[in-house]
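What follows is a short report on a single structure.
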Amino acid sequence: MVRFLARRLAYMFIAFLCISLVTFMLMKMAPGSFFNANFQVNGVSAVAGSYGVSPQVMDALIKYYHLNDPWYVQWWYYVHGFLTWHMGTSFEYPGTRTVTIIDTAFPFSVRLALMAVATGVIIAIPIGVTAAMRENGWMDVGLMFFAMLGTSLPAYLVAVLLIVLFALWLHLLPVIGFTHPQDFILPVLSLALPMVGALSRYLRNSLIDSLHSEYVTGVIAKGGSLSRAVWRHALRNSLLPMITVVGPQLAGLMTGTVFIEEIFDLPGLGHYFVGAANVRDYPLIMDSALLYATVILAMNLLVDLTYGLFDPRIRRAGDLG
Amino acid sequence: MKKVGRIVAPVTMAAVMALSMAGYSQAASAASSSGSGVFTFYTIDDGAGFDPALFTWDARQSQIGIFEGLVHFGPNFSIAQGIATSWKANGTTWTFYLRHNARFSNGDPVTAQDFVYSIRRAVNPQTAAMAHKASSFQGDVPIKNAQKIIEGAAPVSSLGVKAIGNYTLQFTLDRPDPTLLSQLATDMWQLPVDPRVVQGKPESIWTNPQTIVSDGPYMVSSYVQGTQEILKPNPYYYAKVPLQEIKILPFSANANEYLTYQNHQSDTAILTPQDVPAVKNNPTLSKQLHWVQTAVSYTLQVSPSMNPAFSKLAVRQAFAEAVNKQVIANNVLLGTGVPAYDGKVTSWMAPWIAKGALQYNPTQAQHLLAAAGYPGGKGFPTVRILTGSNPDPIAEAVAQMWQQTLGVNVQVDSENWGTYLADMTKVLPSNEVGFTQFGQSAAFPDWKTTMPLNISGWQRTNVPIWSMSGGYQAQYEKLQSYTMAPGQKNLESRMLIAKHESPQVRAVMALGVKAQATNNAALMQKYVIAKNHLAYVIPIYTVNNAVLINPQVHGYYPMRMWLVTPPVWLGYITMN
């Protein structure tokens, strides 16, 4: 197990360095730069926020951000700053360290993702159970059709549909804000509904397998009802594999809330990441991209460890491999 | 019991959602019908903090009611008393008499010494340098020694601002400036900060509501950069503050203000052209629609090119006269724009501007192009329009007009913002000429403030660069590289421009400087018209915002200088 973990951590570190390098290169290859924008508009009132930045300030900024250093030095500053959690300040918000932005924005995104996963699971369980209990009946076919439909719709499209229904037509729910519980209903549902399709289908199939097993036949043979067999026996066993589905879903959601944060103007990391990419805010792009990468790598490791815990064969394969 | 347990989770969730919805419905109806005193509107929030010494959009919010300076704007850009209750001008000396009961939000009194400290702080180049931003003092107000201080040639203490006692403030100017009050009402550098709170503190205090101390009717209560801020009344304000709360939402191209307004979550909304017909056809909403002309104009400016075609005046004028601005305003913008005749001087500021401008005249445009050696557009290089928005229907419409009227080949390059910024200074090859789209805006509502103060100041604009021939433009492009220090780059650019600019441009610049120096209105008009007849810049339209305003909101006088036209003074806003 220790060897397995050590090996996976080593892979993670290599993957992290590769991701940081690719992100850095892509960022540098993108035309335009934050300071280029500042210089171009010096004296032209096109961009008010950049108006009149003096050459002295420009000089100081270029030195402060190592922009005249070789590329590998610049890259290493970002990676080292991230690894030691001593990141610099953002271009866009020069009075604010990127770590401060991340410290407030990332937990927001995590909370949003957790709420979405919890909501998704809560909705998926009754759907999956109902479908499994009426295997191949019209209810099963109907529910699975809608589940497939939900899976096919991306979160941003679901968001638009929900906005039209609950805000534009019914005026029941807010479309902007993050201070009241009701502010989160539409964003959470937008993220949760596409997930419900996959989760409920997975649960249905797993539950049907369980329902066809001998121990369930035994329960029914002893006079237990189907409902009792499902809720008391089969569901417990069928929920276990769902854990392995929820893990990647959570990782995907934490990094996939970008569109939803933009649509509902929520102060999550995705919101800042999009803004940073638009204005070529290199420190914020790098630090948030590295954080996203770390989260995905960590979640994958966690899922692999969970597999290992539940299935010794995987653990052994890791040791041997 | 177990059955109940099985369904409890979904039912609980449904109940929470239903209760939340009910709560929201009540809150929404209360906000919109009972005049709860919460006013919500959109404006630009750049997340840079509220330091009035810096040129940021948040600092501009400071100016409309979070801080209060000597004066501020009233209805129709009249000058209203702020902390100063009266003032008098005597040549180059202006004396302001301050109210005695003004206080910061922490209870500290606002004194003349605080103004001196704050203005010195804003003019001091070290303040902006430490914050890695631009100063809110742009050097366009002729306070004595300000320029020398900016250039490092004089100490900050020599600035022509002094306190005479606790409640009298005196400015000494380099020259008489009849537009001073208008500039004070517009600028942030004159807003007082509390030295006892600010001195020696890092810039981060300006993004933390706990440490932002201001003297306006409202203070920052909560602030999430680029997302939302909430203002509450300053408990020490000298007069009654009319609202319980103001919520500011960030304006962005993605923000659907119309939807938020319809959902009762905002009291104002700036409509996109696509929204206008629906609102006009809605009997309720059409009564809430207001049209607000801004000071922001969409212009096309000649791009640097190795091809000399646009160095001919007749060619540039032909392109200017081939654009039917009225059709663009009516059919493309659906009324959200009106024809523009200058980048900064708008029709609402100067009604005479349209009269002397180059007018739409397709026949004359064709003659001019033919006289310049390109009859029917034959032999004319490809024209590229570079724009920073995708799509850009205005650029497409202009391209179509030029193709149909002048017979030239036009391509529109709609690029994302970063690419656009990188491409705008590239010199086009010898088989191409082009225009670059720029938004321009006057800083003050008085068109006379757009005059050039001196020739070197005017060199900061692009016109002298465009007027240079292709070879020198290529030299200029080399100066843009990062290999040279910005200070040196700036100096060499100025030298290059001074050596190679067109005599026509120099003559018009000299006229503007003379008009400004003599404060001669007729000469100023002549300069503005002459500048536009050079046709290096083709103004297309001035933004005419279609704004929905909740009928329960009163006292909303729009700040036309900004694209998003927020209230000119939040202290005027009341709600039923």
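Readers should treat all values here as calculations from the given coordinates under stated rules, not as data from a laboratory. Predicted model only: the values in this text are computed from it and were never measured. Because the Cβ atoms are built from the backbone with ideal geometry, glycine has one as well, and the counts that use them run over all protein chains shown.
Within the stretch A:155-195, whose backbone N sits under 19 Å from a point 7 Å along Cα→Cβ of A:ARG111?
Under 19 Å, as judged by backbone N against the label point of A:ARG111, lie A:174-192 of the stretch A:155-195.
Using the number of other C-beta atoms within 10 angstrom as an exposure proxy, rank A:VAL175, B:VAL38, B:VAL398, A:VAL245 with the fewest first.
B:VAL38, A:VAL245, A:VAL175, B:VAL398
Enumerate by residue number the chymotrypsin sites (Phe, Trp or Tyr not before Pro) in the stretch A:110-180 meeting two conditions: DSSP loop (anything except H, G, I, E, B), and at most 11 other Cβ atoms within 10 Å of the site's Cβ.
Hits after loop and neighbour filter: nothing returned.
Residues of A:104-113, mean number of Cβ from any other protein chain within 10 Å of their own Cβ, rounded to a whole number?
Taking all residues of A:104-113 together, the mean is 1.
Note down the net charge around B:THR56, summing +1 for each Lys or Arg and -1 for each Asp or Glu among other residues with Cβ under 12 Å from its Cβ.
Result for the local shell: -4.
Whole-Hz Karplus ³J(HN,Hα) for the stretch B:156-164, in order, using 6.51 cos²θ - 1.76 cosθ + 1.60 and θ = phi - 60°, x for Gly and Pro?
The phi angles translate into 4, 5, 7, 4, x, 9, 9, 9, 10 Hz.
Looking at chain B, send over the antiparallel percent of its DSSP beta bridges, to the nearest 5.
Close to 75 percent.
Within 10 Å of each Cβ in A:168-174, how many Cβ atoms from other chains are there, averaged over the peptide?
6
Counting partner chain Cβ atoms within 10 Å of every residue's Cβ in B:128-138, what's the average?
6
Explain nothing, just the number: relative contact order of chain A, from Cα pairs under 8 Å at least 6 residues apart, as a whole percent.
25 percent.
Could you tell me which of the pairs B:LYS162/B:LYS514; B:LYS325/B:LYS448; A:LYS63/B:LYS201; B:LYS312/B:LYS378; B:LYS133/B:LYS201; B:LYS133/B:LYS499 are separated by over 27 angstrom between their Cα atoms in the structure shown?
From B:LYS162/B:LYS514; B:LYS325/B:LYS448; A:LYS63/B:LYS201; B:LYS312/B:LYS378; B:LYS133/B:LYS201; B:LYS133/B:LYS499, over 27 Å: B:LYS162/B:LYS514; B:LYS133/B:LYS499.
Once a ≥ b ≥ c are taken as the square roots of the eigenvalues of the Cα gyration tensor of chain A, is the result rounded (a/c under 1.5), prolate (a/b larger than b/c) or oblate (a/b not larger than b/c)?
It comes out oblate by the Cα gyration axes.
Counting Lys and Arg as +1 and Asp and Glu as -1, each charge on the Cβ, what is the dipole of the stretch A:99-279 about the Cα centre in debye, to the nearest 20?
The dipole magnitude comes to about 680 debye.
Which cross-chain or sequence-distant (5 or more) residues have an amide H under 5 Å from the amide H of B:TYR541, H modelled 1.01 Å from N in plane?
Here the answer is B:TYR298, B:ALA340, since their amide H atoms fall under 5 Å of that of B:TYR541.
Taking a ≥ b ≥ c as the square roots of the eigenvalues of the Cα gyration tensor of chain B, is the shape rounded (a/c under 1.5), prolate (a/b larger than b/c) or oblate?
Oblate is the answer for chain B, as a/c is 1.5 or above yet b/c matches or exceeds a/b.
Pop a pseudo-label 7 angstrom from the Cα along the beta-carbon direction at both B:ALA522 and B:ALA239 and give the gap in nm to one decimal.
4.1 nm
Distance between Cα centroids, the stretch A:209-241 to the stretch B:113-138: provide it in whole Å.
74 Å
Which aspartates and glutamates have a Cα lying under 17 Å from the Cα of B:LYS287, excluding residues fewer than 8 positions away in the same chain?
Leaving aside aspartates and glutamates fewer than 8 places away in the same chain, those within reach of B:LYS287 are B:ASP267, B:ASP275.
Given the DSSP H assignment, sum -39500 (n - 2.57) over each helix run of at least 4 residues in the protein assembly as shown and divide by its residue total; what's the result at 222 nm in deg cm²/dmol, nearest 500?
Calculated mean residue ellipticity at 222 nm is -14500 deg cm²/dmol.
Taking the 0 to 90 degree range and rounding to the nearest ten, how far is the long axis of helix A:71-83 tilted relative to the main principal axis of chain A, both from C-alpha atoms?
The helix A:71-83 is inclined about 50 degrees to chain A.
With unit charges on the beta carbons (Lys and Arg positive, Asp and Glu negative) and the dipole taken about the Cα centre of the protein assembly as shown, which residue among B:HIS500, B:THR299, A:ALA229 sits farthest to the positive side?
The residue sitting farthest along the positive end of the dipole is A:ALA229.
Using DSSP, restrict attention to beta bridges with both residues in the protein assembly as shown and report what percent are antiparallel, rounded to the nearest 5.
Bridges in the protein assembly as shown that DSSP calls antiparallel: roughly 75 percent.
Taking θ as phi - 60°, what are the ³J(HN,Hα) couplings along the stretch A:100-106 by the Karplus curve (6.51, -1.76, 1.60), each to the nearest whole Hz, with x for Gly and Pro?
After applying 6.51 cos²θ - 1.76 cosθ + 1.60, I find 5, 5, 5, 4, 8, 7, 5 Hz.
Could you size up the charge dipole of chain B around its Cα centre, putting +1 on the beta carbon of Lys and Arg and -1 on that of Asp and Glu, and report it in debye to the nearest 20?
460 debye
Ranked by Cβ crowding within 10 angstrom, fewest neighbours first, how are B:TRP352, B:TRP87 ordered?
Listing B:TRP352, B:TRP87 from fewest to most nearby Cβ atoms yields B:TRP352, B:TRP87.
Work from the charge dipole of chain A (Cβ charges, +1 for Lys and Arg, -1 for Asp and Glu, about the Cα centre) and give the residue of A:LEU266, A:LEU170, A:PRO194 farthest towards its positive end.
With unit charges placed on the Cβ atoms, the residue in question is A:PRO194.
Please label the shape of the stretch B:336-399 as rounded, prolate or oblate, based on the square roots a ≥ b ≥ c of the eigenvalues of the alpha-carbon gyration tensor (a/c under 1.5 means rounded; beyond that, a/b larger than b/c means prolate, else oblate).
oblate
Work out the length of the dipole vector of chain A about its Cα centre, built from +1 on the beta-carbon of each Lys and Arg and -1 on the beta-carbon of each Asp and Glu, and round it to the nearest 20 debye.
So the magnitude is around 1020 debye.
Going through the DSSP H helices of chain B, which span 27 Å or more along their own axis at the Cα atoms while scoring at least -1.0 as a mean Kyte-Doolittle hydropathy?
Qualifying helices, which must be both long enough and hydrophobic enough, are B:2-33.
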